[in-house]
Amino acid sequence: MSNRGNFSSRLGFILAAAGSAVGLGNIWRFPYLAGQNGGAAFLLIYLICVFMLCFPVMIGEIAIGRKVQSDAYGSYQKLGGGKWGYLGLFGILAGIFILSFYNVVAGWAFGYFLEISFGNLLDEKDFGAFFGSYINNVWTILSFSLGFMVITAVIVSQGIQKGIEAANKIMMPALYLILIGLIIYSLTLPNAMEGVKFYLVPNLSNITLQTLFDGLRQAFFSLSLGMGCLITYGSYVGKNQNIVSSAAIITMADTSVAFLAGLMVFPMVAAINAYDVQGPSLVFVVLAQVFHNMGPMAGRIVGGSFFLLLCFAALTSTISLLEVPAAYLVDQKKLPRKPVVWGLALLIFVLGLPCLVSQGKVEFLSHLFFYKDRDFLTFVSDMCDISLTVGGCLMCIFIRYRWKINNMNEELAIGNPTYLGSMLQKYINITILWVCPILLGILSIGVIIDKFFGLEWIFG
Ligand code: TRP
């Protein structure tokens, strides 16, 4: 047991878990989802999902991991027996697929960071067209994605304290500093307040079932929930630590970065009146254009900082995604960490290749006939999102019927002597026993119907 590794301190764990949570999901995906779903209306739904459905699931995951001190599979297996281990395996598989497409997008970000820093985009006129053709330079993106995976593997192969914890202790503070700097700049742009208004004044008529589905998926993805990532990180946490307050800090850190990312992006959207740029290209098109307009020197510095921020955020997340299957192979198959990490990294990189060429290069993968003509990267990402809310739902069912809520409470009380009998305990119990399993079950089915058939299918 003792040679599995562990976080050296509470801060180490919190930074690593927050690093896992804060990622492309916050800076790349949250702003464009908010843009598509009516700005503040989305933010509101998102916050409700985070506090009602995600926070309790996070506590449950960390508790399971710390109780058993094993990987996602081993934790469910030892605690539940029978077939429960499969729930862990399901999560590990989901993690492998998440990393496979995530690493491709990280490759885009890494590419933009280098191109902008070296001043290669100075003569660009139309960043919309540029982005479309850039991500189809297969060999370029391939090498950046590969580079990103190699950096991830180098860190994870160093183990928990020397690798994961050390990397997060440098990158997370740097990330916050860059983000704050960029927001200050963004707020000084012409029309900034118009962008802020778009982002922060809720238009409740914009809230639809779609907003709810998108908000929920995004919240689970952003907090790294539902696939055993926090079971794995939780297994490296000491028994004297307060899980509930750590989870609260991690949740706040992640939510604040998503919120701040919106505050950085929308003034820039307003400054160049680019409200019509929607979807995954948002930060790559709008922000690149704004940096370009700043002139060569300033553009390189500020633009370089932004894409460095994006790379840091992505890297602390890819680390956590690679650790989940690595921990499984190290714990269960007793394999040595280094070869396991490098083998997995290679495998997952190769698994991501269809996503890499699905942005226009390979026709069939760019327009899936069975998925409403959408591309393969979107397909994988949507399927993973679904598996997260399903995984979260099943975790609640596991706690309710198998591990039992009292055992969870006992684990949570270790390191938190006032927990038992508190209001918070009652809230967490009600959500884990009733609210989460029921709502997550219903909403997951809704998302599946939405994705494959469209909501018209339900409502005619
Ligand atoms: N949360 C990260 C982001 O927002 C991505 C991520 C890392 C993740 N680990 C995960 C998502 C585990 C789901 C499950 O970018």
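Based on the alpha-carbon gyration tensor of the stretch 110-268 and its eigenvalue square roots a ≥ b ≥ c, which shape applies: rounded if a/c is under 1.5, prolate if not and a/b is larger than b/c, or oblate? The shape class here is oblate. Note on residue 48 and residue 293: with the Förster distance fixed at 25 Å, the Cβ-Cβ geometry gives a FRET efficiency of about 0.10.
If you take the Cα Rg of the stretch 10-459 and divide it by 2.2 N^0.38 Å, with N the number of residues, what do you get?
0.94
Couplings 3J(HN,Hα) of the stretch 428-443, computed from phi: 5, 5, 4, 5, 5, 7, 10, 4, 5, x, 5, 5, 5, x, 5, 5 Hz, in residue order, whole Hz [Karplus 6.51 cos²θ - 1.76 cosθ + 1.60, θ = phi - 60°; x for Gly and Pro]. Identify all lysines with a Cα-Cα distance to residue 125 below 28 Å; exclude those on the same chain that are fewer than 8 residues away in sequence. Cross-link targets: 361. With helices as the sole contributors, the chain gives -22500 deg cm²/dmol at 222 nm; each DSSP H run of n ≥ 4 counts as -39500 (n - 2.57), and the sum is divided by every residue.
For the stretch 356-371, 3J(HN,Hα) computed residue by residue from phi via the Karplus equation (6.51, -1.76, 1.60; θ = phi - 60°) reads 4, 9, 8, 9, x, 5, 9, 3, 4, 6, 7, 9, 5, 5, 8, 10 Hz, glycine and proline entered as x. A dipole drawn for the stretch 10-459 from +1 and -1 charges on Cβ atoms has a positive end, and of 15, 135, 360 the residue lying farthest that way is 15. Evaluated with a Cβ-only charge set (Lys, Arg +1; Asp, Glu -1), the chain carries a dipole of roughly 1520 debye about its Cα centre, given to the nearest 20.
Only one residue of 153, 185, 260 has its Cα farthest out toward the positive end of the dipole of the chain, where Lys and Arg carry +1 and Asp and Glu -1 on Cβ, and that residue is 153. Using the empirical formula 2.2 N^0.38 Å as the baseline, the Cα radius of gyration of the stretch 1-59 reaches a ratio of 1.51. Note that the stretch 135-143 has calculated 3J(HN,Hα) couplings of 6, 9, 6, 4, 5, 5, 5, 4, 6 Hz, one per residue in order, obtained from phi through the Karplus relation 6.51 cos²θ - 1.76 cosθ + 1.60 (θ = phi - 60°); glycine and proline are x.
Note: relative contact order over the chain, using C-alpha pairs below 8 Å and six or more positions apart, is 32 percent.
For the stretch 306-376, the set of chymotrypsin sites (Phe, Trp or Tyr not before Pro) satisfying both a DSSP loop assignment and a count of at most 14 other C-beta atoms within 10 Å is given as 369, 370.
Bear in mind that the values in this text are calculations on the coordinates, not laboratory data. Just so it is clear, the structure is predicted and the values come from calculations on it, not from any experiment. Every residue, glycine as well, gets a Cβ built from its backbone with ideal geometry; the counts of neighbours run over all protein chains shown.
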